[in-house]
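Undergrad: I have a structure here, written as structure tokens, and I will follow up with some questions on it.
Read the figures in this text as sums done on the coordinates, not as results from a lab. In this text, all values refer to a predicted model and were calculated from it rather than measured experimentally. Positions of Cβ are backbone-derived with ideal geometry, glycine not excepted, and every protein chain shown enters the neighbour counts.
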Amino acid sequence: MVSIGMVGAGQFAGQFAKLFNVHPDVEQVFATDVLPERARELVEREHLAGTFDSFEAMIASPDVDAVAIFTQRWTHGPLVVQALRAGKHTYSAVPMAISEEEIAAIVEAVRETGLTYMMGETSYYNPATVFARQQVADGAFGRVFYAEGDYVHDMDLGFYAAYQYSGGENWKQTASYPPMLYPTHSVGGVLGAIPGHAVSVSCIGVKDDRGDGVFDKDVSQFDNDFSNASALFELDHGGVMRINEMRRVGYPSHIRESRFRYFGTEGSFEQLATISVWQDKHGVTDISNRINTRPSLKHDDPSLAHVAPELRDAFVSGYSEVHDVSRLPKEFAGVPTGHEGSHHFLVDDFVRSVVDRTLPPVNAWVAARYTLPGIVAHRSALQGGVRLEIPDHGDAPADLGVSTLTA
Ligand SMILES: NC(=O)c1ccc[n+]([C@@H]2O[C@H](COP(=O)([O-])OP(=O)(O)OC[C@H]3O[C@@H](n4cnc5c(N)ncnc54)[C@H](O)[C@@H]3O)[C@@H](O)[C@H]2O)c1
């Protein structure tokens, strides 16, 4: 049994607190937030064990074995290292961190402490990724030499409201968060399915022209004026990965916000907003029904009270046919999942890896390979697209004393 401390009780934490709380291997769930009323409200709504006054108090407590970090996207790196160094297993919402140094510090802390670190990458469990991973395992693609991942989420579709809730009156400073520093939903869906990692990149950033103070360098905490960015990566085995991170785009992200294509020498998989097809040298098979998810929750559920209406579709999407739900705890039955069915798998993989002492699929070394390429891509874009090498922390060391889960 394990007890979990939720760090950050904002828009995304609610469904995860609920899932941790019903997981049969979780004893107690606590919450903390720098805005204490948010932690109190989460505890009340989800019937959790209690609050802590601060993150520091939580990681100092012997009552907490593991923390789950759901703070704003640019804050994770230092909190993760502090939690690991305090002896807590750590789950982190994406991204892993926002600099090469922060990522190196997490990898080092995991190696030295031997504790579980898992990045909660929803795209790893995206039905397209799960399907492609299976096709790769079966050899159906032949050699995959080219793949694309797009995170296509327009600012107008919920992000204005989300950043206002998140950032308070200075929200425009943070709403300009650079697209390539949030690369894991696109990179994770490609590298979660095909072998290899990125070794170099050239990226072009598109400067925003809306003129509303978001993506304005003079306002931006990140000195950023790119709202869209496209990057071409070289993979270690000689293949190519193209990644798009789009925040100003006429696309229905409430239908599909991450989409993928994989091309092999024998077969290929391509996705549009509502259609997914498998192709080989003979023809096309429409597999949309296998990939598309069924809703697991209603839009007016109280747990979505703080989630912008335009973002709720992501939180209500349930399983697809390709998900192996037989591996999940029976206590999850009927409990909402989200982001194309991924939430149940994320929570279960983290709990299992802590309790069974196994290495989660998106461990620190994998998370670095999902996150670092975007950080270097952003640097490339700032230099007009110059091709840059991407550092690599390698595979998870075999001597960690844990075995890998099969997701
Ligand atoms: N598909 C996905 O995987 C997905 C989707 C949505 C959000 N996310 C991630 O989830 C995370 C949370 O997103 P959100 O929309 O809930 O953000 P949010 O701003 O609504 O909530 C963050 C909360 O953390 C609190 N906080 C900040 N620093 C803290 C600290 N040091 N100690 C305690 N509390 C602290 C804030 O007060 C706030 O209430 C982000 O990192 C985001 O990237 C991932």
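Undergrad: Would you please put 209-215, 176-182 in order of how densely packed they are, using the mean number of other Cβ atoms within 10 angstrom per residue and starting with the highest?
TA: Ranking the peptides 209-215, 176-182 by packing returns 176-182, 209-215.
Undergrad: Right, another one. In Å, what Rg and Dmax follow from the Cα atoms of the range 139-298?
TA: Expressed in Å, the Cα Rg and Dmax of the range 139-298 come to 17.6, 57.
Undergrad: Still on this structure: Restricting things to alpha carbons, tell me how big the chain is in terms of Rg and Dmax, in Å.
TA: 20.0, 62
Undergrad: Right, here's the next one. State, to one decimal in nm, how far the label point of Lys217 lies from the label point of Ala60, with both points 7 Å from Cα in the Cβ direction.
TA: Modelled inter-label distance: 4.4 nm.
Undergrad: Got a sec? How would Arg259, Arg143, Arg312 order by Cβ neighbour count within 10 Å, fewest to most?
TA: Going from least to most buried by this count: Arg143, Arg312, Arg259.
Undergrad: Would the range 64-199 count as rounded, prolate or oblate if I go by the C-alpha gyration tensor, calling it rounded below 1.5 in a/c and otherwise prolate when a/b exceeds b/c, oblate otherwise? Could you put the intermediate results ahead of the total?
TA: Working: a/c = 2.16, a/b = 1.20, b/c = 1.81.
Oblate shape, in that a/c is at least 1.5 and b/c is the bigger or equal ratio.
Undergrad: Shifting gears a bit: How would you order 366-375, 113-122 from highest to lowest mean count of nearby Cβ atoms within 10 Å?
TA: Descending packing order for the listed peptides: 366-375, 113-122.
Undergrad: Report the number of Lys pairs in the chain whose alpha-carbons are under 29 Å apart, with separation of 8 or more residues or on distinct chains.
TA: Count of close lysine pairs: 8.
Undergrad: Also, I was wondering about something else. If the chain between His299 and Glu169 were fully stretched, how many nm would it gain, using 0.36 nm times the residue separation less the Cα-Cα distance?
TA: Extra length from His299 to Glu169 when fully extended: 44.1 nm.
Undergrad: Let me ask something additional. What nm distance separates the two modelled labels at Ala273 and Arg327, each placed 7 Å from Cα along Cα→Cβ?
TA: Here the answer is 3.2 nm between the modelled labels.
Undergrad: In addition: On full extension of the chain, what length is gained from Lys207 through Leu388, given 0.36 nm per residue of separation minus the C-alpha to C-alpha distance?
TA: This chain segment gains 63.1 nm when fully extended.
Undergrad: Ranked by Cβ crowding within 10 angstrom, fewest neighbours first, how are Val284, Val67, Val347 ordered? Mind showing how you got there, number by number?
TA: On the way: Val284 11, Val67 26, Val347 29.
Placing the least packed residue first, the sequence is Val284, Val67, Val347.
Undergrad: Asp25 label point, 7 Å along Cα→Cβ, cut-off 15 Å on backbone N: hits in the range 46-80?
TA: Only 65-67 pass the distance filter.
Undergrad: Give me the net charge of Val355's neighbourhood, meaning all other residues with Cβ under 14 Å from the Cβ of Val355; Lys, Arg count +1, Asp, Glu -1.
TA: -4
Undergrad: Hey, can you grab everything whose amide H is under 5 Å from the amide H of Arg143? Only 5+ residues off in sequence or another chain; H modelled, so Pro and N-termini drop out.
TA: When sequence neighbours closer than 5 places are left aside, the close amide H contacts are Thr265, Glu266.
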